[in-house]
Amino acid sequence: FDSAVDKGTTFYFTLPLKQSSQAKLAKSKAVHEKFDWKTKTILIVEDDSFNAQLMMEYLVKTKVEILLANNGLEALNLFKIHPEINLTLMDIQLPDINGFELTHMIKVINPKAIVIAQTAYAAEVDKKRAFAVGCIDYISKPISRDKILQLLQFHLFK
Ligand code: MN
């Protein structure tokens with residue numbers, strides 16, 4: 001590095017990225033850029049603001065319209081006033097209603113609603129219950145960008 005009194009220090013460095021990880025990054029970027037969901041609307045039900053923020057960062061490039069509810073009652077209201085919702089991504093542990101009950105209520109309002117459960121820790125019992133209340137699929141937390149993009153692409157366009 002170069003150093004001068006009162007002028008600070010300039011550091012030069014090279015990130016030791018291996019060829020394989022660079023190729024992986026490029027490939028992964030290309031996959032994300034092919035998604036175009038600007039005609040679609042998703043309701044995200046998530047009470048944890050960090051998880052909600054992360055999900056929105058994962059989805060922003062797809063141009064999908066996102067409605068966010070951080071509790072069950074808000075989700076239900078949004079679902080009622082937005083018939084254009086194509087898919088609901090449902091957290092199970094919410095502060096008021098639990099996600100299973102909420103899914104059931106949504107399916108009563110619209111039996112064709114597509115709801116995907118976000119289950120914690122890959123709990124087998126949660127998966128079974130999710131299907132029992134009418135979820136079409138589930139995704140286990142922690143949720144990766146690749147997993148959620150592929151899952152949503154599949155269910156939004158089938
Ligand atoms: Mn939660």
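The values are calculated or read from the model by the stated rules, or taken from the named source; none is laboratory data. If you're wondering where the values come from, they're calculated on a predicted model, not measured in any experiment. Here Cβ is always computed from backbone atoms with ideal geometry, including for glycine, and neighbour counts include all displayed protein chains. Quick note on the areas: whole protein, heavy atoms, side chains included, nothing else; ligands and nucleic acids left out. Shrake-Rupley method; radii C 1.70, N 1.55, O 1.52, S 1.80 Å.
Quick notes on this structure:
- Summed over segment 128-150, the residues that are aliphatic (A, V, I, L, M) and open to solvent by 30 Å² or more (accessible area, probe 1.4 Å) give a count of 3.
- Qualifying residues in segment 80-95 (those that are surrounded by 20 or more Cβ atoms within 10 Å (Cβ to Cβ) and within 16 Å of the ligand (Cβ to nearest atom)) - the one nearest to LEU43 (Cα to Cα): THR88
Let's see how each residue does on (1) touching a Cys at 6+ places or on another chain (Cβ under 7 Å); (2) closer than 22 Å to LYS38 by Cβ; (3) not polar (S, T, N, Q):
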| site | (1), (2), (3) |
| --- | --- |
| MET55 | no, yes, yes |
| LEU59 | no, yes, yes |
| ALA69 | no, yes, yes |
| HIS82 | no, yes, yes |
| THR103 | yes, no, no |
| ILE109 | no, no, yes |
| TYR138 | no, no, yes |
| LEU149 | no, yes, yes |
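- Contact map, segment 129-142: residues that are within 24 Å of PHE50 (Cα to Cα) paired with residues that are open to solvent by 20 Å² or more (accessible area, probe 1.4 Å), Cβ distance under 7 Å, separation 6+ or inter-chain. Pairs shown: ALA130/TYR138; ASP137/LEU151; TYR138/LYS127; ILE139/LYS147; ILE139/LEU151; SER140/ALA122; LYS141/ALA120.
- Residues of segment 42-88 classified as without any contact (Cβ under 8 Å) to a residue 40 or more places away in the chain, among the polar types (S, T, N, Q) and assigned to a strand (DSSP E or B), total: 0
- Flag for LYS29 being away from the ligand (no atom under 16 Å from the Cβ), assigned to a helix (DSSP H, G or I) and at pLDDT below 95: yes
- Residue in segment 62-79 that is open to solvent by less than 90 Å² (accessible area, probe 1.4 Å), touching a Phe, Trp or Tyr at 6+ places or on another chain (Cβ under 9 Å) and among the small types (Gly, Ala, Ser) present: yes
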